[in-house]
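Step one of this worksheet: look at the structure below.
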Ligand code: UT7
């Protein structure tokens, strides 16, 4: 059977780093509060010349380099983002053009923080359905543009950045020993819309709007939703937490990550944590975490890796793959 195998990956971060202490003169907060409640120590913030498209392009180029491929080898670009350069056209198409790619097709995917997990699961279907041989899956965000910088309950939590993987069709035996995407489980429930949303949009206010979140409410649902969808993925693949080599969760809050891993019985040393470095970068968080753990030699070819995310909507999901 056809499997979607990761052939390369890459990342890009804005030049400017903003430390927790940099907020102390802007809103009533402290480095101590942010570290204790979230685990975040710093985040990258895009300059005017750094956009979702430019960061996504840089991450895509890095992923192509690591795969030993060029844009000519790609059939499809799926960009997960909630902060597109324009309402339309899709920023994926802009990235396609920036890469000098005038064949194939490209589209955006909007599932907020779950976007990259949704995009990998979607790209896998295009590959297994024979519609694409190689897919660039990108998560790129500039949440700094939609933050209310006077709201301490949200502005300290988010950061900008991009990550990408190249997925490639390869023959597998149909067993859990295959490399590539092995199982996926996606969920959403719009009843939770008002707990995490942007208070503007083309069809309602005609403005871009700002991010609003009832953090405590999101927190309350997060661990249960994350663990449910991961257990569904384990059941589909016929594995347990002990079989995993690496758990790469969405990086929103260290306390959510720790509680989820504990509930699932995933050992602490198997959990990739980058929320301290990047903050919550929404759809970029999982591929950015992957890039750190691949670059430092933790994630290696053949490792069993679990990706997970949960975000606005709510949306949530998990993907199991062998690197
Ligand atoms: O990526 C999508 C998913 N999003 C998430 O996963 C976010 C989920 N939520 C969270 O991570 C946490 O709920 C937060 C980090 C947002 C907040 O942590 P918390 O432990 O739930 O704190 P809280 O909202 O219960 O607030 C505790 C106190 C409040 O003061 P009072 O009402 O107790 O007097 C807040 O006003 O902390 C206050 N507070 C702050 N204090 C200093 C809120 N933000 C700040 C701040 N600095 N930046």
Item to complete: All but one of (1) within 14 Å of the ligand (Cβ to nearest atom); (2) outside the structural domain of residue 124 (by TED's automatic domain parsing); (3) touching a strand residue (DSSP E or B) at 6+ places or on another chain (Cβ under 8 Å) hold for residue 184, so report the exception by its number.
Response: (1)
Worksheet item: If we scan segment 135-158, do we find a residue that is without any contact (Cβ under 8 Å) to a residue 60 or more places away in the chain, within 15 Å of the ligand (Cβ to nearest atom) and surrounded by fewer than 24 Cβ atoms within 10 Å (Cβ to Cβ)?
Response: no
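Residues checked against (1) surrounded by 19 or more Cβ atoms within 10 Å (Cβ to Cβ); (2) touching a residue at least 40 places away in the same chain (Cβ under 8 Å):
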{"site": "202", "(1), (2)": "no, yes"}
{"site": "212", "(1), (2)": "no, yes"}
{"site": "255", "(1), (2)": "no, yes"}
{"site": "262", "(1), (2)": "no, no"}
{"site": "276", "(1), (2)": "no, yes"}
{"site": "290", "(1), (2)": "yes, yes"}
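Yes or no: residue 307 within 20 Å of the chain's Cα centre (by Cα), modelled with pLDDT of 95 or more and not in a helix (DSSP H, G or I)?
On the way: within 20 Å of the chain's Cα centre (by Cα): yes; modelled with pLDDT of 95 or more: yes; not in a helix (DSSP H, G or I): yes.
Against the criterion (within 20 Å of the chain's Cα centre (by Cα), modelled with pLDDT of 95 or more and not in a helix (DSSP H, G or I)), residue 307 qualifies.
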Discussion item. Can you pull out every residue in segment 276-307 that is within 18 Å of residue 167 (Cβ to Cβ) and within 16 Å of the ligand (Cβ to nearest atom)?
Written reply: 283, 284, 286, 287, 288, 289, 307
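The values are calculated or read from the model by the stated rules, or taken from the named source; none is laboratory data. Please read these numbers as outputs of a predicted model, since none were measured by experiment. Ideal geometry is used to build each Cβ from the backbone, glycine not excepted, and the neighbour counts take in all protein chains shown.
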